[in-house]
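*Asks:* Here it is, the structure in full.
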Amino acid sequence: MYFESHAHYDDKRFREDREELLELLPSCGIDYVVNVGCDLKSSQNSLRLAKKYPYIYAAVGVHPHEVGDMSSQTIEQLRSLSAEKKVVAIGEIGLDYYYDFHPRELQRFWFRQQLRLAEEVDLPVIIHSRDAAQETFDIIEASPVRRGVIHCYSGAWQMAQDYVDMGFYIGVGGVVTFSNAKKLHEVVEKIPLERILIETDCPYLAPNPNRGKRNDSRNLQYVVEKIAQMKQMSTDDVAKITADNAKSLFF
C-alpha cells in the first residue's frame, strides 16, 4: 500500500529492535522502503539492509553534514556501490546552511560532484536542502540532472512548481501534519499529487499524533491522511498514486 521514499533504518536509534521492526513492516502495509545513505558507511549499511530484505532498496551518497572527509576516492566508492542492483538513487546530497558544519564552498563542490556522478551512472537523486533553497535550485538547474526528489521539502510552492517543471518530485513527510507548516500546506494544495512522494525521514520528524517520538514507516498513514484531507481524495488513492510515483522514479 505505502512506498516509503526516505528512511534511515541503519541509524543507531534502531539498534535495539531493528530486525524485529523491519520484519513487521510488510504486515503494516509498507510495500517498499528506500533506505538513504548519509555517508560512505551508512550507504554501505543501506545496501546491506537492501540485500537482506526484499522490499528495501538503497540510496548511496554523502549528506552535506558529512562532506568534510570526502575525496575523489569517495566518489569512486559511491560509483562502485551504485552498480549494485538494489541501489536506486544517489542521495542524500545537497546543501545545509542551517548548521553550516562545513564551508559552503566545500558543500557546493561535493554537491556538484555527486550530481555529476548521478548523471554518469544514470540514477535519480535525493536532495537535501536546508536554508539554502535558491543555491540548491541554481546548482541543480545548472546540472544535467532532471530526475529526483526534493526530500522533506520546506520551500515556497512557486519553487516547488519550478522543480516539478524540471522533472523532479516533492518529498512530503510528517511535517505536513503540523498546524504551523503553512508553506508546506500550500505546496501540497497546489502541486499535482502525481509529483509528490511520501516519506518519514525516520527516525526523525514523526508526524502528529506521535510528534517527538522515534519515527518509523508505520507513521506514513498519518502523512497520507493529511494529504488526502487537503486534496479531498481517499487515502487509498493517495497511497496508490504516491506509490506509483515512487516506482516511476526509482524503478
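The values are calculated or read from the model by the stated rules, or taken from the named source; none is laboratory data. All values derive from a computational prediction rather than experimental measurement. A quick note on method: Cβ atoms are made from the backbone with ideal geometry, for glycine too, and the neighbour counts reach across all protein chains shown.
Matching residues to (1) of a type in the set (A, V, I, L, M, F, W, C); (2) surrounded by 19 or more Cβ atoms within 10 Å (Cβ to Cβ); (3) outside any helix (DSSP H, G or I):
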position	(1), (2), (3)
10	no, yes, yes
34	yes, yes, yes
38	yes, yes, yes
44	no, no, no
50	yes, yes, no
59	yes, yes, yes
62	yes, yes, yes
65	no, no, no
68	no, no, no
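*Asks:* Which of the following residues is touching a Leu at 6+ places or on another chain (Cβ under 7 Å), surrounded by fewer than 23 Cβ atoms within 10 Å (Cβ to Cβ) and without any contact (Cβ under 8 Å) to a residue 60 or more places away in the chain: 231, 190, 213?
*Replies:* Numbers: 190 fails: touching a Leu at 6+ places or on another chain (Cβ under 7 Å); 213 fails: touching a Leu at 6+ places or on another chain (Cβ under 7 Å).
Result: 231 is the single residue among 231, 190, 213 that is touching a Leu at 6+ places or on another chain (Cβ under 7 Å), surrounded by fewer than 23 Cβ atoms within 10 Å (Cβ to Cβ) and without any contact (Cβ under 8 Å) to a residue 60 or more places away in the chain.
*Asks:* Filtering the range 143-172 down to residues that are small (Gly, Ala, Ser) and within 17 Å of residue 244 (Cα to Cα), which residue is surrounded by the fewest Cβ atoms within 10 Å (Cβ to Cβ)?
*Replies:* Taking the range 143-172 and keeping what is small (Gly, Ala, Ser), we get 143, 148, 154-156, 160, 167, 171.
When the remaining residues are screened for being within 17 Å of residue 244 (Cα to Cα), the result is 148, 167, 171.
Numbers: 148: 25, 167: 13, 171: 23.
Among residues in the range 143-172 that are small (Gly, Ala, Ser) and within 17 Å of residue 244 (Cα to Cα), the one surrounded by the fewest Cβ atoms within 10 Å (Cβ to Cβ) is 167.
*Asks:* Further question: Exactly one condition in (1) part of a loop (DSSP other than H, G, I, E, B); (2) farther than 21 Å from residue 204 by Cβ is not met by residue 16; state its number.
*Replies:* The single condition residue 16 does not satisfy is (2).
*Asks:* Could you please let me know if residue 119 is outside any loop (DSSP other than H, G, I, E, B), out of contact with any Gly (no Cβ under 9 Å at 6 or more places or on another chain), farther than 22 Å from residue 246 by Cβ and at pLDDT 95 or above? Before you say what the answer is, go through the steps one by one.
*Replies:* Details: outside any loop (DSSP other than H, G, I, E, B): yes; out of contact with any Gly (no Cβ under 9 Å at 6 or more places or on another chain): yes; farther than 22 Å from residue 246 by Cβ: no; at pLDDT 95 or above: yes.
Criteria not met by residue 119.
*Asks:* On to the next question. Could you please give the count of residues in the range 204-247 that are of a type in the set (Lys, Arg), under 15 Å from residue 175 (Cβ atoms) and not in a loop (DSSP other than H, G, I, E, B)?
*Replies:* 1
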